[in-house]
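Throughout, read-outs are computed from the coordinates displayed, never taken from laboratory work. As the structure is a prediction and not an experimental result, all values here were calculated from the model. Ideal geometry is used to build each Cβ from the backbone, glycine not excepted, and the neighbour counts take in all protein chains shown.
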Amino acid sequence: MSDPIFPHRQLLGIEGLSPLEINRLLDLSDPYVSINRGPEKVSGSLQGRTVVNLFFENSTRTRTSFELAALRLEANVINMQVGSSSVAKGETLIDTAVTLNAMHPDVLVVRHPQSGAVKLLSEKVRCAVVNGGDGSHEHPTQALLDALTIRRRREKIEGLKIAICGDVAHSRVARSNFYLLQTLGAEVRVIAPRTLIPSGLERLGVKVFTDMREGLKDCDIVMMLRVQIERMSGSYFPSMREYFRFFGLDREKLSLAKPDALIMHPGPMNRGVEIDSDVADDFERSVIREQVELGVAVRMAVLELLAGNAIAESATTKAAV
Ligand code: ASP
């Protein structure tokens, strides 16, 4: 039987998920945090199943985290090196999807530089699909691990003031977090230079600031974003030095947030650009390493849940034939 609260076999984004569905994913992830901290990290619930990591874009932590999560559930894992696969020979995304589908994997984790590509691929396969980040669109498991980190530190997300700062224009992490944090009742602020604020952002319900000193006032959480140089064509700000001066998180700017405000960053960090090492490595306030740690727990829960739903769905389809 599919999960009664989250019956889907795909996690393509956070947009459209209900508070109940989001909380279900967080509740299922939570126990894996302590399991991962203990000596027996293995659950065996995906034994004999196959998880394929299909990454069309570079990734260190997300791919490793999904791989580790799948291995801890005792699934078989295949990492597809896109550079050396048929994609490099000109195979289309759809052909790749159809080819993989013919091999009957149980879960596909897909990252792609174009927004919407993972959804397109998911329409051509019968297995479970997780979006591991598509262009500047969504990165749902990152938002879930961010939420789990906040929830474990602050008990609930509702009512918190959360500032998301920096390169919002290119950030799928920011977009997934806008949906998730607001759905769970947080007040979300965006702080960025005008050139890095996408038009129509207010329509998503967030408050927009172009002055860090103003935007950080009274915040419970300060989430910094990486300046994504690889997605920029042209210049969005005069220099890295200038960016750091106005939008880099340092002690002085942090002092405007609440005295116990937590510091977050999805990684990889550009130290000295969007964040000063002094605050990034402040173990009292920075939960950046915890975010990485909890990412494995979230991905274990997501893989297990979606694979279970996909298996239940195909059993029902077969029974109906
Ligand atoms: N790792 C995150 C992502 O893949 C954030 C970043 O790259 O800046 O979107």
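If I stretch the segment between Lys258 and Glu242 completely, what's the gain in nm (0.36 nm per residue apart, minus their alpha carbon distance), one decimal? Show your work: numbers first, answer last.
Working: separation 16, 0.36 × 16 = 5.76 nm, distance 2.53 nm.
Stretched fully, the Lys258-Glu242 segment lengthens by 3.2 nm.
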Requested in this report: Find the lysine pairs in the chain meeting two conditions, Cα atoms under 12 Å apart and a separation of 8 or more places or different chains, and report how many there are.
Outcome: 5
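Rounded, prolate or oblate: which fits region 1-74, taking a ≥ b ≥ c as square roots of the Cα gyration tensor eigenvalues, rounded meaning a/c under 1.5, else prolate when a/b beats b/c? Show your work: numbers first, answer last.
Numbers: a/c = 1.57, a/b = 1.17, b/c = 1.35.
Judged from the Cα gyration tensor, region 1-74 comes out oblate (a/c at least 1.5, b/c at or above a/b).
Quick one: length gained pulling Asn76 to Arg153 fully straight, 0.36 nm per residue minus the C-alpha distance? Before the final figure, lay out each step's value.
Values: separation 77, 0.36 × 77 = 27.72 nm, distance 3.33 nm.
The span from Asn76 to Arg153 would gain 24.4 nm if fully extended.
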Query raised in the report: Measuring from label point to label point, each 7 Å out along Cα→Cβ, what is the Val208 to Glu15 span in nm?
Result: 1.7
Query raised in the report: What is the gain in length, in nm to one decimal, between Asp218 and Glu230 on full extension, counting 0.36 nm per residue of separation less the C-alpha to C-alpha distance?
Result: 1.0 nm
Report task. List, largest first, the extents of the alpha carbons of region 212-321 along their principal axes, each in whole Å. Result -> 64, 38, 23
Report summary line: Pseudo-spin-label distance Thr92 to Arg61, built 7 Å along Cα→Cβ, given in nm, is 3.6
Report summary line: Relative contact order as a percentage, region 1-97, C-alpha pairs under 8 Å and 6+ apart, gives 23
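Say R0 is 45 Å: what FRET efficiency, to the nearest 0.05, do Asn101 and Arg251 get from their beta-carbon distance? Could you put the intermediate results ahead of the total?
Numbers: r = 52 Å, r/R0 = 1.15.
Calculated transfer efficiency: 0.30.
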Query - Global geometry of region 112-247, whether rounded, prolate or oblate, following the gyration tensor of its Cα atoms and the 1.5 cut on a/c - result: oblate
Query raised in the report: Lys/Arg Cβ at +1, Asp/Glu Cβ at -1, dipole of the chain taken about the Cα centre: which of Leu254, Val130, Cys165 is farthest positive-ward?
Result: Val130
Report task. First check a/c for region 39-85, with a ≥ b ≥ c the square roots of the eigenvalues of its C-alpha gyration tensor; if it is under 1.5, answer rounded, and if not, answer prolate when a/b is larger than b/c or oblate otherwise. Result -> oblate
